[in-house]
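Okay, structure first, notes after.
The values are calculated or read from the model by the stated rules, or taken from the named source; none is laboratory data. Just so we're clear, the structure is a prediction, and the values are computed from it rather than from any experiment. Cβ sites come from the backbone with ideal geometry, for glycine too, and all protein chains shown count toward neighbours.
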Amino acid sequence: MDFSYLYLSTEGRIGRKMWWIGHIILAAIVIVISLIVNALFGPLSIMTRLINLILILALAFPAYAVSAKRFQDRDKNGVLAAILIGISIFSSLLQLFGLTGSPIAPNALGMILGLATLVIGIWYLIELGILRGTIGDNQYGPDPVG
């Protein structure tokens, strides 16, 4: 498994299995770091929100690269992968400044962003994690399944 290709390149295509592996690894990193940060600073602290934003920014391109290649496997533009990442960065930035309420009691803006993230996340899950890619070659390269 070529992790540099998986996380640092937006060229080509990957199948569902590689998409799942790529995102499970990223999710594990986020969970471990979040647990540590929450234990050290508490879930409501400004430091936790700042580290959360830094973490999302640090993992934005690897997450984009994995999803972009998967969109391309579905013969769609890889730029679609930026939608969820953009909303996540925007939401984290607003959380940093306290504009979305607290994680325990979000305000209307926090609820709207949470709902948007949920809906787009379900779309990504179906589109990238469940549906099969284009059979055979497409404009982005050969079929990764073979």
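Please go through the range 131-144 and give me each residue that is loosely packed, with under 10 Cβ neighbours inside 10 Å and of a type in the set (A, V, I, L, M, F, W, C), ordered by number. Selection gives Ile135 alone. Restricting attention to the range 4-20, and to residues there that are among the hydroxyl-bearing types (Ser, Thr, Tyr) and assigned to a helix (DSSP H, G or I), which single residue is surrounded by the most Cβ atoms within 10 Å (Cβ to Cβ)? Across the range 4-20, the extreme among qualifying residues is Tyr7. Taking the range 33-73 as the search range and keeping residues that are within 16 Å of the chain's Cα centre (by Cα) and of a type in the set (Val, Ile, Thr), which one is farthest from Ser102 (Cα to Cα)? Filtering the range 33-73 for residues that are within 16 Å of the chain's Cα centre (by Cα) and of a type in the set (Val, Ile, Thr), the one farthest from Ser102 (Cα to Cα) comes out as Val66. The residue of the range 81-113 that is nearest to Ile14 (Cα to Cα), among those that are without any contact (Cβ under 8 Å) to a residue 12 or more places away in the chain and outside any loop (DSSP other than H, G, I, E, B), is Gly86.
Residue-wise test of (1) among the aliphatic types (A, V, I, L, M); (2) within 10 Å of Val66 (Cα to Cα); (3) exposed (fewer than 11 other Cβ atoms within 10 Å of the Cβ); (4) out of contact with any Ser or Thr (no Cβ under 9 Å at 6 or more places or on another chain).
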position	(1), (2), (3), (4)
Gly22	no, yes, no, no
Val32	yes, no, yes, yes
Val37	yes, no, no, no
Phe41	no, no, no, no
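For Phe71, are the conditions met, namely being under 17 Å from Leu6 (Cα atoms), modelled with pLDDT of 95 or more and of a type outside the set (Asp, Glu)? Taking the combined requirement at face value, the residue satisfies it. Confirm whether Arg74 is in contact with a helix residue (DSSP H, G or I) (Cβ under 6 Å, 6 or more places away or on another chain) and of a type in the set (D, E, K, R). So Arg74 does not fit the description; no. Among the residues of the range 92-121, the one identified as closer than 17 Å to Ser45 by Cβ, of a type in the set (Val, Ile, Thr) and exposed (fewer than 13 other Cβ atoms within 10 Å of the Cβ) is Ile104. Of the residues making up the range 107-146, not one is in contact with a Ser or Thr (Cβ under 7 Å, 6 or more places away or on another chain) and at pLDDT below 95. Here Leu44, Leu125, Leu118 are screened, and the one residue that is touching a residue at least 60 places away in the same chain (Cβ under 8 Å), farther than 16 Å from Arg13 by Cβ and among the hydrophobic types (A, V, I, L, M, F, W, C) is Leu44.
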